[in-house]
Each structure stands twice: as C-alpha cells, then as structure tokens.
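The values are calculated or read from the model by the stated rules, or taken from the named source; none is laboratory data. Note that the structure is predicted; figures quoted are calculated from it, not measured. Glycine gets a Cβ as well: all are built from the backbone with ideal geometry, and neighbour counts include every protein chain shown. Accessible surface areas use protein heavy atoms only, side chains included; no ligands, DNA or RNA. Shrake-Rupley method; radii C 1.70, N 1.55, O 1.52, S 1.80 Å.
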Amino acid sequence: MNQIRKSFRQAITSISLVTLLAGLLAGCAGKTPDEQTDDVEIASEPTAISMMNVYFSGDAPNMNNNEYMKSIEDYTNTKLDFTWVPNSAYADKFTVTLASGQLPKALLVLNAKTPAFISAVRDGAFWEIGPYIKQFANLSKMNQSVFESTAVDGKIYGLFRPRPLAGIGIILRKDWLDNLGLKEPQTLDDLYQVIKAFTLNDPDKNGKNDTYGFAENNVLNGFESLLVYYGGPNKWELKDGKLTPSHLTKEYLDVLNFYRRLVTEKLINPDFPLISETQKRDLIVKGKAGVTFSSMNTVTLLQDGGEKVNPNINLDVLRTLNGPKGERARGDTGYNGLFLFPKSSVKTETELKKILGFFDKLSDKTMQNLIEYGKEGTDYKLENGKVVKLDTARKDFPLYLPQLRVDDGSLLYEQKDMKPLDVKWKTLTTANDKIAVLNPTAPLIVDLPKTQDISKIIPDASTKYILGESDETAWLKAIEQWRKGGGDEQIRLMNDAYEKLQKK
C-alpha cells in the first residue's frame, strides 16, 4: 500500500501542482493577410541553411545521395546542412550547443520553457519572428493560439511543430457493448454504467468474472479529461478575470469521487497506481479491460494488437462525453518543439525571411505529400485523387523527414484504403480542436518564492481520498493546509502575471 500511495502521489502531482512554466501571450505585430509574401524576396541562388534536429530511429539519418532531400532542396531553392541528434541526447546537446555560441541557422528546441531557453531569449540570442509570420501564405495559417502559448514575454520566437491540440479520447470494446446490448456512452453516467457492466456482466461471454470495466495507469490519463468533462478547468480555472488552481474547484472533487467509486466497487484494475501506459494498453489488447483514456491515434494499434489475441475484437473511439457544460475536450499545448533562428548565425532580416520562406515552401501541398508519402510514381500513385502505395516503394524512405514539418497536414492526399478506425480517429481529433479547453496559464512564466515545500500536500490527500482512506473533511483540511503553507501566495503571483499579460 505504501508503494501505491507513493506512485499515486507522483501521478496526482502532475495534475495538481501549480504551473510554473510558460511564456506571455504574444501581441504579434505584422502585416495584414492581404500583404502576404509581397516583400519576401525570391532568391536566385540557393539559400544555405544549417539545422540541428532530432531523430528517433536507431541509426543517424544518412544524408549521402538522399534523393528525397534533394527534391526538397530543389523545390525550396535551398542547400541544407543537418546535424542530427538522437532524441535521448537532444536536451543535453541543445544546452551544450547554446552555451558554445556556435549555432546553426535553424535550431530546434524540444522543451520551449526550459530556463536555458528562456534566458537565451531574454539575452537577445534569437530573432523575434512574430512580425514576419503574416507575410507568408502558409505560416500565416498556423494556429495563433498555439503561437501565443509559445511566446516569451509577449513575443514569438519560434515556428512550432504542430501536434494534436486535443488528441485524448475514450477507447472502448465495441464488441463488448454489442454482447451486452449496450449503446456507446454519451454522458458521464453512461460511462459509469458501461464500466460497471464491463466488470460485472461477463462482456466477453467466457463464463468467468475476469474483466475490469476501466483500465488506468500511474499517470492517470483519464483524470484531466474527466475533469474537463465534468465542467472543470484544464489545470487552472479562469473565472471573472481571476485564476484558481484546479484542485480548489468543485469539479476536481467530483473526479476524485468518480475514481473513489471505481475503487470501492472494484471496477478498475487495482494495480493502476503502479503500472505504465504500455501495461495499461495491454489490458485492453489482452481482453482484461474494456474502457480506457488514451491518445485517439492509438486505437488502430490496439485493434491490430488485439486481433492477434482475439480475431473478433472490435474497438471504437469516442472524442468526448456530454457533461454539465456540454461537449468539451482537454486541450494540450498543440506543439512539439520550436525552430529558433539565432542572431549569431542569421545576420540580417533578409536572411531571416529567406529561411522563413523555406519553411513556408515546405508547407506547400507538394512538400507535405513528399514528406508523408514519398515520390509519386515511385512510392505511391494517385487513384481518383487518393494515395495508393506501390510495391515499388523504397524500403529506405527516410522516416525522419516529418521532423522538418511545421504544417498541420491539411493539404495531404487521402489514402485510398485507409482503415475505418484511422479515418475515424483523425476526424475526431480534428473535431476536438473546436471544443478544446486550454490551460489559461500556459503562456505565463512565474518565478515562485522559495517557500516551505507544499508540493506533496494535494497529491497525498488525493491518494488517500481515492483509496478510501480519508473523507471530505480531511480533504478540505488538506486544502486549507496547502493554502496557508504557500498556496495562496502562488495563486497571487499567477494572477499578478496574468494581469500584467492583459495590459500588453
């Protein structure tokens, strides 16, 4: 039990703690959309661009005689020189490179809120690109709210690599619903009833009591989504111009009660505070549990894995539930790293525009599809405007090419024989953008005082409450202890930063 408490406390920390990092909302100066590209020079000679980027494969990318990269260079009129760094070493390499002063012309930062990055920005190491974005046809279409969340002191310094803004959803066993004569859940109560039935009513029809309705893990993937479904905030609530951390809201207690009920009624895997995301997914794949929260793009992976165990498995994916405030989805940052442009290597505004122009051209339809599918006629063909992959497709197609992208994939061709689940999760992920609830403190950078350590108070109290070891009175006492121990000061500082932001 002590180990469960410890692991659970660490998980709750990621949900409850004060958000300390982010940048101030950007007021981007720049040209109006009808002025796009008018003053962006088209170079007659290729623009030389050095770049440090990340790769995830076992071996470093081989750039020798790379025909795909040659196509990119020809299309964008550039000469590219890459330094590729493995993901496991990238954070350290970024810090070392930054300290060396020998910077490439385009430098990827994976964590845009690290102290080293913030310090370098404030020291004037990078170009502010906000005023230039609207001059480019493709870059100007990038999500402005995501740009704002990357800003430092109200200014935009990097082109972000997009990721789903609200990609978490509910994955569940559709065949179990059918076996029990149930419909997919539409409300929070529906979800509970499905979880209960998946636990108690033999959904796999094997005559055994061997399933759990809900699968969870040690990072509590479902907690923050459920909090938003219940009408609560994403980490911080903004109400009447004031910020309040989520654990002070009624909805946070509602979600604690939801988990407490699952634990009390044994509707959730009992080892959930101790297991990883991969182990949690295995419960779905192996038919041990029927509902979980996860990135919606994992549903096809789980379906394929489940078919190896049970050919009749049929998974489905839901993007949200209808709660007290309607349909809502928990928003994420919407980006995975930024491309920065150091002043020490990019000497002039003209050179900066040429490099921004490269990323703009890279977001054209031609380049999006080259990076995603390869070369038409070699790697794929089009049938009625849809991609059909060819048997002649090159086996060494460079999987690192997407690391260059700053587009949202909206100009990609559809695949002709795409699996229905892939079509569905992509459609739902896009639809979630419209109902995403964002963290209002994401753009803030707040230096908190060195007060007594109160970081464990809320996680410990949450753990005890969910596991049934305390009651609501004890929970409220923990809240009061947190506030008096320094929590109120943290709230004040966050609100001061937010008010300052509004005056910019």
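For A474 and S88, FRET efficiency with R0 = 51 Å and r from the beta-carbon atoms, rounded to 0.05? The calculated FRET efficiency here is 0.75.
Label-to-label distance, A137 versus K500, with points set 7 angstrom from Cα along the beta-carbon direction: 4.2 nm. Proximity of backbone amide H atoms, modeled 1.01 Å from N, is registered between T187 and N322 at under 5 Å, excluding neighbours fewer than 5 places apart on the same chain. Residue-wise HN-Hα couplings along region 355-367, as the Karplus relation 6.51 cos²θ - 1.76 cosθ + 1.60 with θ = phi - 60° gives them from phi, are 6, 4, x, 4, 5, 5, 5, 5, 9, 5, 4, 4, 6 Hz; Gly and Pro carry x. Under the simplified labelling scheme, the S410-D59 pair shows an inter-label distance of 3.8 nm, with each label point 7 Å from Cα along Cα→Cβ.
How would region 51-98 be classified by its alpha-carbon gyration tensor: rounded, prolate or oblate, with rounded meaning a/c under 1.5 and the a/b versus b/c comparison settling the rest? Oblate is the answer for region 51-98, as a/c is 1.5 or above yet b/c matches or exceeds a/b.
If you wrap the tightest convex hull around every Cα atom of the chain and split its volume per residue, you get 174 Å³. All C-alpha to C-alpha distances of region 255-413, sorted into 5 Å bins beginning at zero, yield P(r) values of 1, 6, 10, 10, 13, 13, 13, 10, 8, 7, 4, 2, 0, 0 percent in whole numbers. For region 306-320, 3J(HN,Hα) computed residue by residue from phi via the Karplus equation (6.51, -1.76, 1.60; θ = phi - 60°) reads x, 5, 6, 8, 9, x, 9, 4, 9, 8, 9, 9, 10, 8, 6 Hz, glycine and proline entered as x. Once C-alpha pairs closer than 8 Å and six or more residues apart are averaged by separation and normalised to the residue number of the chain, the relative contact order reads 26 percent. Only protein atoms count toward the accessible area here, which uses a 1.4 Å probe; on the chain, the carbon and sulfur part of that area reaches 48 percent.
With R₀ fixed at 51 Å, the C-beta to C-beta distance from R483 to D417 puts the FRET efficiency at about 0.35. In sequence order, region 229-246 has phi-based couplings of 4, 6, x, x, x, 9, 6, 10, 9, 10, 9, 6, x, 10, 9, 9, x, 4 Hz under the Karplus curve 6.51 cos²θ - 1.76 cosθ + 1.60, θ = phi - 60°, and Gly or Pro positions carry x.
Between the amide H of V85 and those of N53, V54, Y55, distances stay under 5 Å, these residues lying 5 or more places away or on another chain, with hydrogens modeled in the peptide plane. For K375, the residues whose modelled amide H falls within less than 5 Å of its own, excluding neighbours fewer than 5 places apart on the same chain, are Y380. Once the C-beta distance of K250 and E45 is scaled by a Förster radius of 51 Å, the resulting FRET efficiency is 0.20 to the nearest 0.05.
Available extension along the chain between V388 and D190 is 67.3 nm, counting 0.36 nm per residue and deducting the alpha carbon span.
What the chain shows is 47 Å² of accessible area per residue, with the surface traced by a 1.4 Å probe over protein heavy atoms. Helix 457-466 and the longest principal axis of the C-alpha atoms of the chain enclose an angle of approximately 50°.
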